[in-house]
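Since the structure comes first, as structure tokens, the remarks are kept for the end.
Values in this text are rule-based calculations from the coordinates and carry no lab data. None of these values were measured; they are calculated from a predicted model. Here the Cβ is made from the backbone with ideal geometry for all residues, glycine too, and neighbour counts use every protein chain on show.
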Amino acid sequence: LEAGSKSDYNGSSVPHRSLTELERTTKLVQQLESVEHEYESIINKLPRDCSQIERMRTAGTANQPGDGGLYLIAPAEQHHPLMTQCFGEWTTVQRRQDGTVDFNRSWEEYAQGFGTPAGEFWIGNQALHHLTQDNCSRLRIVMQDIYDNTWFADYGSFRIDSRDGGFRLDLGGYSGNASDAFEYQNHMQFSAIDVDRDISNTHCAGNYEGGWWFSHCQHANLNGRYNLGLTWFDASRNEWIAVKSSHMMIARRPDCDANVTELPVMEPVAAATLLTTSGLGADASTPANGARSDRHETNDGERRPHGTTTVPTFA
């Protein structure tokens, strides 16, 4: 009887211990849920894009540095913040300037984005979709050629489809001095080194070493191998522009936001301090395949130094 009592007593400690572990697990889950809710609350208060930051600045609800500042944004349905560079209302989504970042990457890497906004950069196709899915975006492309001539192409409408839609390109309303080379790739899905969705009998992304909306293969390609594949066809001269640097930016169309009055509660977060204090973006600024030459060789063999893209002001 005494042995049985001891057995009963020892056995009773098992459910007691299990209950304690369950309580601890429940408490931990509650704490994690609280952190998650707080995180979501912060994300929801971040500006959607640079256009919203500019509206806040105009309304006097944001006191931020001028053009070229790095900011944290949170596009609609994007559940984590993104870092980008703002030029007024324009959100930087792509930049090439010196070949220090490898753009010959997988389809998934292009979906997620890579590089650093102050240098060579791809914001990510998933982010592009979230930023443009309401069909209220316009696109500006500014390029410099190897002779330091500036070219630009504006598109009054710009939209990128979802992942399931292959991040299909939809754009229109061209104006500029570089000719409408991008129209040649309109309505194409995105291709990369490991995903071939062009309509050519060759693998365009593999040949030009960069992801893009290829068709047969390209009239425009700003993501190719730096010293080989950055091109834009100028139909007015029937010549290829040898692109040295490119800067792609998007902004909201004024007609879409004419009646918008709701602004985020949180002050826009300038990210430059975060870069220097927390190390964010340190890996992104490191060349994936090592440093490359910061000079570009022309067809006649002359080598010209590169400059940084200058964003001209257009009405």
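Which of D257, D180 has the fewest other C-beta atoms within 10 Å, and how do the rest follow up to the most?
D257, D180
Summing +1 for each Lys or Arg and -1 for each Asp or Glu, what net charge is found among the other residues whose Cβ lies under 9 Å from the Cβ of D161? Mind dumping the intermediate values first?
Details: positive: R159, R163, R168; negative: D164, D170.
Around D161, the charge tally is +1.
Sorted by mean Cβ packing within 10 Å, highest first, what order do the peptides 149-156, 136-143 take? Before the final figure, lay out the partial values.
Values: 149-156: 17.0, 136-143: 22.4.
Ranked by mean Cβ neighbours within 10 Å, highest first: 136-143, 149-156.
Give the order of T231, T58, T116, T132 when sorted by the count of other beta carbons within 10 angstrom, beginning with the fewest.
Details: T231 17, T58 11, T116 21, T132 24.
If I rank by nearby Cβ atoms, fewest first, I get T58, T231, T116, T132.
Is region 85-201 rounded, prolate or oblate when judged by the Cα gyration tensor, a ≥ b ≥ c being the square roots of its eigenvalues, rounded requiring a/c under 1.5 and prolate requiring a/b larger than b/c? All intermediate terms of the calculation are to be shown ahead of the outcome.
On the way: a/c = 1.30, a/b = 1.13, b/c = 1.15.
In terms of gyration-tensor shape, rounded.
Distance from the Cα centre of region 145-204 to that of region 121-137, in angstrom?
Each part's Cα centre sits 14 Å from the other's.
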